[in-house]
1. Spot the failing condition for Ala56; the list is (1) surrounded by 14 or more Cβ atoms within 10 Å (Cβ to Cβ); (2) within 14 Å of Asp73 (Cα to Cα), and only one is missed.
2. What's the total number of residues in the stretch 24-36 that are without any contact (Cβ under 8 Å) to a residue 12 or more places away in the chain and more than 17 Å from Pro75 (Cβ to Cβ)?
3. I need a count of the residues in the stretch 47-77 that are without any contact (Cβ under 8 Å) to a residue 60 or more places away in the chain and either among the aromatic types (Phe, Trp, Tyr) or under 16 Å from Val21 (Cα atoms) (or both).
Amino acid sequence: MKQTIELPISGMTCGACVRHVDAALRAVPGVVSQTVDLAGRRAVITFDPSAAAVHAMRGAVRDAGFEPGEARDLPPA
Ligand SMILES: [Cu+2]
């Protein structure tokens, strides 16, 4: 089973920021795929909810130096 969320992220200003956030999310166990959207100031993340928790993704974003907002569930792709 997979779940997809949209996570608002503030503080990204360029492609290097996007790569930092992308790498941080990729490193969270249970994250299956992630798309970081600079212009949209968000990431769309698909993960296995039995292995990854949203708070871990938010923590990874914060540890990378950016500020996560409230996650929103997206319908399965
Ligand atoms: Cu940047």
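FYI, it's all coordinate maths here, none of it is from the lab. Here the structure is a predicted model, which means the values were calculated and not measured. Virtual Cβ from ideal backbone geometry, glycine too; neighbours counted across all protein chains shown.
1. Condition (2) is where Ala56 drops out.
2. Just the residues of the stretch 24-36 that are without any contact (Cβ under 8 Å) to a residue 12 or more places away in the chain, to begin with: 26, 35.
Filter once more, keeping what is more than 17 Å from Pro75 (Cβ to Cβ): 26.
Of the residues in that region, 1 qualify.
3. Step one: of the stretch 47-77, the residues without any contact (Cβ under 8 Å) to a residue 60 or more places away in the chain are 47-67.
Cutting the leftovers down to either among the aromatic types (Phe, Trp, Tyr) or under 16 Å from Val21 (Cα atoms) (or both) gives us 47, 54-67.
Of the residues in the stretch 47-77, 15 are without any contact (Cβ under 8 Å) to a residue 60 or more places away in the chain and either among the aromatic types (Phe, Trp, Tyr) or under 16 Å from Val21 (Cα atoms) (or both).
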